[in-house]
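Input: a single structure, listed below in structure tokens.
The values are calculated or read from the model by the stated rules, or taken from the named source; none is laboratory data. Note that the structure is a prediction, hence the values are computed from the model and not measured. Virtual Cβ from ideal backbone geometry, glycine too; neighbours counted across all protein chains shown. Protein only, heavy atoms only, side chains kept; ligands, DNA and RNA dropped before computing areas. Shrake-Rupley method; radii C 1.70, N 1.55, O 1.52, S 1.80 Å.
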Amino acid sequence: MNDLKKDNTEEKILNAAQNVFIEKGMDGARMQAIADEAGINKALLHYYFRTKEKLFNAIFTKVFSQIFPNLMTMVRSERPLEEKLGMFVETYIDLLQKNPFLPTFILKEMNRNPDFLAKIIKGSGVNPTEVIAMFEKEMDAGKIRRMDPRDILVNILGLSIFPIAAGPLITIMFFENDKAAYKAFIERRKKTVTEFVLNSILIK
């Protein structure tokens, strides 16, 4: 029972911190505000997480650890590139949809402390060198155009992240504030982004 209570308290803290970080950013967030949001006292918050940095790390690690180890397993597999790329785009857009705070929060924080963010992402199992090697292998086999693999990765990330980071504006400008239409649009992006990237790199 005590372990269950501890797990519930920790989950409550992480959810509260996520809300405060989104609203205030890393620098503006205060531990007291997080404690208030979680409905606990500050001493209890410090018992679980001694600093904002540890709390921030825990939130990102939790989110990224749910997705990236599986993606790296997929990268190392012998699946066709088309299948790998489609799975990556779908999984990544799903992650952003389930955690809409990520794009905006990362944009706010990546200029403040990019080393910290990179450490968290890599600590969740991401190995950019392996992903780059996967694309280079496909190039050597004559399956995709010879190009810098980092361009492919940046294209995938940009095409996936921007429509969600700019979601409120896109919803107003292109969908007359119809949130259901915007949601359907994002769902279609999984196929659109995959086809766009494949068409730009495959040798036909």
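The packing ranking of peptides 140-149, 35-44, highest mean first, is 35-44, 140-149, where packing means the average number of other beta carbon atoms within 10 angstrom of each residue. Listed by chain and number, the aspartates and glutamates whose C-alpha is less than 15 Å from the C-alpha of residue 62, apart from same-chain residues fewer than 8 away, are 7, 10, 11, 53. Each pair of Cα atoms in region 62-201 enters the Kirkwood radius, and Stokes-Einstein at 20 °C and 1.002 mPa s then converts it into a translational diffusion coefficient of 133 µm²/s.
Under the simplified labelling scheme, the residue 192-residue 155 pair shows an inter-label distance of 1.7 nm, with each label point 7 Å from Cα along Cα→Cβ.
What FRET efficiency comes out for the pair residue 130/residue 22, r = Cβ-Cβ distance, R0 = 30 Å, nearest 0.05?
On the way: r = 31 Å, r/R0 = 1.04.
With a Förster radius of 30 Å, E is 0.45.
Remark: the chain carries 59 Å² of accessible area per residue (probe radius 1.4 Å; ligands, DNA and RNA excluded). When only Cα pairs below 8 angstrom with a gap of at least 6 residues are kept, the chain shows a relative contact order of 21 percent. Backbone phi angles across region 74-86, fed through the Karplus curve with coefficients 6.51, -1.76 and 1.60 (θ = phi - 60°), yield HN-Hα couplings of 5, 4, 7, 6, 9, 4, x, 4, 4, 6, 4, 5, x Hz in residue order; Gly and Pro are listed as x. Taking every Cα-Cα distance in region 65-141 and sorting them into 5 Å bins starting at zero, the pair-distance distribution P(r) comes out as 3, 13, 21, 24, 19, 12, 6, 2, 0 percent.
How large is the dipole of the chain about the Cα centre if only Lys and Arg carry +1 and Asp and Glu carry -1, each at its Cβ, rounded to the nearest 20 debye? Each step should come with its number before you reach the end.
Details: 30 positive and 26 negative charges, 39 e Å.
Its charge dipole is roughly 180 debye.
Based solely on its DSSP helices, what 222 nm [θ] is calculated for the chain when runs of n ≥ 4 H residues each add -39,500 (n - 2.57) and the sum is averaged over all residues, nearest 500 deg cm²/dmol? Let's see the in-between values first.
Details: 12 runs with 164 residues, N = 204.
Value at 222 nm, helices only, nearest 500: -26000 deg cm²/dmol.
Of the solvent-accessible surface of region 62-201, computed with a 1.4 Å probe and all protein chains present, 59% belongs to carbon and sulfur.
Averaged over every viewing direction, what's the projected area of the C-alpha convex hull for region 1-50? Give it in nm², one decimal, please. Write out the running numbers ahead of the final one.
Working: hull surface 12.6 nm².
Hull-based average projected area comes out at 3.1 nm².
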